[in-house]
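Just below is one structure, and these are the notes that go with it.
The values are calculated or read from the model by the stated rules, or taken from the named source; none is laboratory data. Just so we're clear, the structure is a prediction, and the values are computed from it rather than from any experiment. Positions of Cβ are generated from backbone atoms using ideal geometry, with glycine treated the same way; all protein chains shown enter the neighbour counts. Ligands, DNA and RNA are stripped out before the accessible areas are found, and what is left, the full protein with its side chains, is counted by its heavy atoms. Shrake-Rupley method; radii C 1.70, N 1.55, O 1.52, S 1.80 Å.
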Amino acid sequence: MAKIKGAIEVNTERCKGCNLCVVACPLNVLTLSKEVNIKGYNFALQILEDTCNGCSSCAIVCPDGCISVFKVKEQ
């Protein structure tokens with residue numbers, strides 16, 4: 001049986017750095033970057049590549065819809 005893991009894509013230019021996704025993630029996969037986007041906000045960034053389970057908690061709480069969550073089948 002194939003294992004399913006999650007993958008997160010953050011639209012860094014739309015992200016306002018509200019930190020809601022970081023707090024909502026049960027596996028502590030996200031953090032705010034030290035860099036800023038074109039608008040001057042620290043954006044959300046996935047720091048743990050193999051830990052995400054694709055629960056979509058981060059995408060649900062994002063007020064600007066900046067996060068897309070994908071489920072990837074692992075071989």
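Take the chain and mark each of the GluC sites (Glu not before Pro) that is in a DSSP loop with at most 13 other Cβ atoms within 10 Å; the longest unmarked stretch, sites excluded, is 14-48. Based on protein heavy atoms only, the chain ends up with 66 Å² per residue of surface accessible to a 1.4 Å probe.
Cβ-Cβ distance of Lys5 and Val36, R₀ of 30 Å, FRET efficiency by 1/(1 + (r/R0)^6): the value works out to about 0.55.
Hey, any idea what % of the chain's accessible area is carbon plus sulfur with a 1.4 Å probe?
53 percent
Here each label is just a point 7 Å from Cα along the line to Cβ, and for Val23 and Glu74 those points are 3.0 nm apart.
Whole-Hz Karplus values for the range 46-52 come out as 7, 9, 10, 5, 9, 8, 4 Hz, taken residue by residue from phi with 6.51 cos²θ - 1.76 cosθ + 1.60 and θ = phi - 60°; glycine and proline positions read x. In a simple Cβ point-charge model (Lys, Arg +1; Asp, Glu -1; nothing else charged), the chain has a dipole of about 100 debye relative to its Cα centre.
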